[in-house]
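The next block holds one structure in the form of structure tokens; read it before the comments.
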Amino acid sequence: MTTDGTTPAGDESEASVAELVDTFENTIWPSIDRVLAGVDVRPERGVLDLIVHVPRADVVRALRMLKQGDELQFNYLRSLTAVDNEADGVDVVYHLYSIPKNINVTVKVTLPADDKVLETATTVWQAANWLERETAEMFGIRFTGHPDPRTLLMPEDMTDVFPLLKSHPFAEIELLQGELLGHERGAGGDE
Amino acid sequence: MVTETAPEFETQDLLINVGPQHPSTHGVFRMVLEVDGEVVKELVPHIGYLHRGAEKLCENNDFRQGVGYMDRTEYLAAHNAELSYVMAVEALAELEVPARAQWIRMILCELNRLSSHFMFFGAFGVDVGVFGTPFVYAWRERETLIDLFEEISGDRMMYAYFRAGGLAWEVPANFKERVHEVLKSSRQGVKDFDGLLTENEIFIARTKNVGIISAEDAIEIGMSGSSLRASGVNLDIRKTEPYLFYDQVEFDVPLGENGDVFDRYYVRLQEMEQSMRIIEQCLERLEDGPIMPEKMPRMLRLPEGQEVYIRTEAPRGEYGVYLVSKGGNKPWRLKVRSACLSNLQALRQMSVGQYVADAIIILGSIDIVLSEVDR
């Protein structure tokens, strides 16, 4: 993967973001910062793609700004999912791709663990429909304004069980498997 | 004597339930059709029958074991599924993969594309109503490919042959000759299909201008792979964001024009020619050498607080793996971006307004694997 994170050709960074450009050289951050003017965003360097943290209240507005406008044109939603960080809340992660410009960006928004409500992105991309349904049932997130808030993979009546939360237990057989391997989660065991 | 007909008839829409167990659904998939006569007015897909929590299972197993679960998501193109996963682990572990391993991976992934597309032709022929001939032709060709995979990995479908860092073991000594042999028969197989279906009048009547989706809609819905390119969108990750050595080989990306069922069939047929072109170039470049990095830790541990989203061009579209590490020897979060799930979202839009019989071939033309949809 070569083209990721490089500045689109002929893109000159503005003086107002000069300090940030220093730390995010050769990334698409200057363009993102310009397109998302007025939104309180924070960049982070990822292994492949630039990660942009967006406040919860502005997420759909920011996504729409990234999609529209000629500069970036993030017209393709690659993936939408969430990560449970236990006490640090749940991150909802959007992987966006711009077909015309061939650039990627990851947008992240953090929800507190006790208030997992977020505005739906289906108004920006239709692709978000099923992806949000899956994320909702797996992590207990409520996407407000979703046109079809049914379960997707889970049974219709299992709306109070959220399997991908870290607090959700493994089945007994899986725990047994883990014990037989002789290591705890994350701790690891040598031989 | 003329009898007067009643001024108004009352009509009623009929609900038809297709699946979950039905030969035309290619797995365990259910769709509820609301029909007015022969025309589909509404289509509601139901999925999840094969959900087995592969992502959660991966979070409970170490990086080496995850390869096996990837095989079982996309079992018709398991090499491609493994590839995304091991590339994600390699990206976070900063492993340098030897060139020989990369070339062999490329050959196997393209061979897997051939076997997967053959499977599509066989099943699709049955959907369209040509029972027998294409099905048996496809199985004959696919069998030669699967025999080769078995010789290499020991398994016909769940290969578990790729490792983070390289490959599990060397390929057999006669690997090059065997691939050439298989290519020869596959090339004939593609020709046979071309002759059997592409210009067949009945086949064209069934598939042309059926289940059309425009390029804008396909992008909006998040379709990928051959199904997206059939609508004329030039998006092939092997070209746009080359991985392995795809930037060092020559190949074309076939595109459709109308985005109908025929185009989705024909793009796949042309893609197979290109896959064979790629494999031949790979075989020329393949040289002896190591297949695993020299300094390979016995237990892989990834750095804390890192994440990566790897996408590769699998036969059915973009197979993505989103891997989040918080240290240790297991993924904190592993998400599989299923190409089929996103492609399947377009089914309703393609089918509404079409005939019931066409809804079946539209589903067939997306080429879904339900175990990848549900994971």
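For region B:325-337, does any single residue satisfy the condition of being touching a strand residue (DSSP E or B) at 6+ places or on another chain (Cβ under 7 Å), facing chain A (nearest Cβ under 10 Å), on the phi > 0 side of the Ramachandran plot and not in a strand (DSSP E or B)?
Yes; the residues of region B:325-337 include at least one that is touching a strand residue (DSSP E or B) at 6+ places or on another chain (Cβ under 7 Å), facing chain A (nearest Cβ under 10 Å), on the phi > 0 side of the Ramachandran plot and not in a strand (DSSP E or B).
Only residues that are in a loop (DSSP other than H, G, I, E, B), within 14 Å of chain B (Cβ to nearest Cβ) and in contact with a helix residue (DSSP H, G or I) (Cβ under 8 Å, 6 or more places away or on another chain): list them for region A:24-66, please.
Hits for region A:24-66 are A:Val47, A:Leu48.
Go through region B:348-375 residue by residue and tally those that are under 17 Å from B:Arg264 (Cβ atoms), out of contact with any strand residue (DSSP E or B) (no Cβ under 6 Å at 6 or more places or on another chain) and within 11 Å of chain A (Cβ to nearest Cβ).
Count: 1.
Which of the helices (runs of 4 or more DSSP H) contained wholly in region B:52-95 include at least 2 residues that are surrounded by fewer than 24 Cβ atoms within 10 Å (Cβ to Cβ), within 14 Å of chain A (Cβ to nearest Cβ) and acidic (Asp, Glu)?
Here the list reads B:54-59.
Please verify whether region B:14-28 includes one or more residues that are within 13 Å of B:Leu363 (Cα to Cα), open to solvent by less than 50 Å² (accessible area, probe 1.4 Å), more than 20 Å from the chain's Cα centre (by Cα) and small (Gly, Ala, Ser).
yes
Just checking, how many residues over region B:29-50 are open to solvent by 50 Å² or more (accessible area, probe 1.4 Å), touching a Leu at 6+ places or on another chain (Cβ under 9 Å) and either at pLDDT 90 or above or more than 10 Å from chain A (Cβ to nearest Cβ) (or both)?
The qualifying residues number 5.
Looking at (1) open to solvent by less than 10 Å² (accessible area, probe 1.4 Å); (2) more than 28 Å from B:Tyr49 (Cβ to Cβ); (3) not aliphatic (A, V, I, L, M), which one does B:Pro303 not meet, given that it meets all the others?
Among (1) open to solvent by less than 10 Å² (accessible area, probe 1.4 Å); (2) more than 28 Å from B:Tyr49 (Cβ to Cβ); (3) not aliphatic (A, V, I, L, M), the lone unmet condition for B:Pro303 is (1).
So, in region B:226-245, exactly how many residues are surrounded by 21 or more Cβ atoms within 10 Å (Cβ to Cβ) and not in a loop (DSSP other than H, G, I, E, B)?
5
Which one of these does B:Gln306 not meet: (1) of a type in the set (S, T, N, Q); (2) within 27 Å of A:Glu132 (Cβ to Cβ); (3) under 26 Å from the mean Cα position of the chain (by Cα)?
That leaves (3) as the condition not met.
Among the residues that make up region A:87-98, is at least one of them at the interface with chain B (Cβ under 8 Å from one of its Cβ atoms) and in a strand (DSSP E or B)?
There is at least one residue in region A:87-98 that is at the interface with chain B (Cβ under 8 Å from one of its Cβ atoms) and in a strand (DSSP E or B).
Considering only residues that are open to solvent by less than 30 Å² (accessible area, probe 1.4 Å), of a type outside the set (Gly, Ala, Ser) and part of a loop (DSSP other than H, G, I, E, B), look in region A:103-136 and name the one that is farthest from A:Arg56 (Cα to Cα).
A:Trp125
State which residue is nearest to B:Leu341 (Cα to Cα) when the search covers only region B:246-272 and only residues that are of a type in the set (D, E, K, R) and surrounded by fewer than 18 Cβ atoms within 10 Å (Cβ to Cβ).
B:Glu257
Regarding region B:338-346, can at least one residue be identified that is under 26 Å from B:Leu114 (Cα atoms), without any contact (Cβ under 8 Å) to a residue 60 or more places away in the chain, open to solvent by less than 10 Å² (accessible area, probe 1.4 Å) and touching a strand residue (DSSP E or B) at 6+ places or on another chain (Cβ under 8 Å)?
Within region B:338-346 (the criterion being under 26 Å from B:Leu114 (Cα atoms), without any contact (Cβ under 8 Å) to a residue 60 or more places away in the chain, open to solvent by less than 10 Å² (accessible area, probe 1.4 Å) and touching a strand residue (DSSP E or B) at 6+ places or on another chain (Cβ under 8 Å)), the answer is yes, since at least one residue qualifies.
The values are calculated or read from the model by the stated rules, or taken from the named source; none is laboratory data. Note that the structure is a prediction, hence the values are computed from the model and not measured. Cβ coordinates were reconstructed from backbone atoms using ideal geometry, including for glycine residues, and neighbour counts include every protein chain displayed. Heavy atoms of the whole protein, side chains included, go into the accessibility calculation; ligands, DNA and RNA do not. Shrake-Rupley method; radii C 1.70, N 1.55, O 1.52, S 1.80 Å.
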